[in-house]
Amino acid sequence: MSMELISLMLGNVSGFVMRMIASQAEAQTRILEGQLKKQEAVDASADRAGVRGGVWVRRLIACSILFAVIVAPFYLALVDIPVAVEKEAGGLFGFLFNNTGYQQVSGFILLPEVRQGMLAILGFYFGSSMIRR
């Protein structure tokens with residue numbers, strides 16, 4: 001092979017390699033710009049969500065759960081207002097005879113959902129106070 005042919009082939013190969021590197025850099029730039037636009041949209045959405053007033057809804061839920069766990073049992077124990085609960089049918093064939101009815105009990109019924117909500121609130125507030133320090 002002549003020197004001109006080798007030089008021509010090396011020039012073509014190096015031009016091809018440089019073009020590939022440039023196109024990959026261009027593709028990465030487009031991907032990065034797309035990701036930045038998506039992140040800007042997510043940030044704008046989070047800013048709009050923060051302004052909507054969801055804080056007061058969360059505070060109302062937290063205060064309601066705290067009231068149900070702390071204040072309501074003491075208040076209802078003093079007032080003695082009966083609460084109606086449904087009796088379940090007992091026995092092996094209780095579902096056939098439908099022996100359900102209502103029974104009145106005194107006090108306050110603390111549902112498992114309220115206890116789980118209280119645990120979630122305590123974990124959130126105490127967990128976030130641990131992170132701040």
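DSSP loop (so not H, G, I, E, B), at most 14 other Cβ within 10 Å: list which trypsin sites (Lys or Arg not before Pro) in the stretch 14-92 pass both filters.
Answer by residue number: ARG52.
If r is the Cβ-Cβ distance from VAL51 to GLU26 and R0 is 35 Å, what FRET efficiency results, to the nearest 0.05?
For R0 = 35 Å, the calculated efficiency reads 0.40.
Using the beta-carbon distance between TYR125 and LYS37 and R0 = 25 Å, what value does 1/(1 + (r/R0)^6) give for FRET efficiency, to the nearest 0.05?
Here the calculated transfer efficiency is 0.10.
Taken together, the values in this text are just the output of simple stated rules run on the coordinates, not laboratory data. Note that the structure is predicted; figures quoted are calculated from it, not measured. Cβ sites come from the backbone with ideal geometry, for glycine too, and all protein chains shown count toward neighbours.
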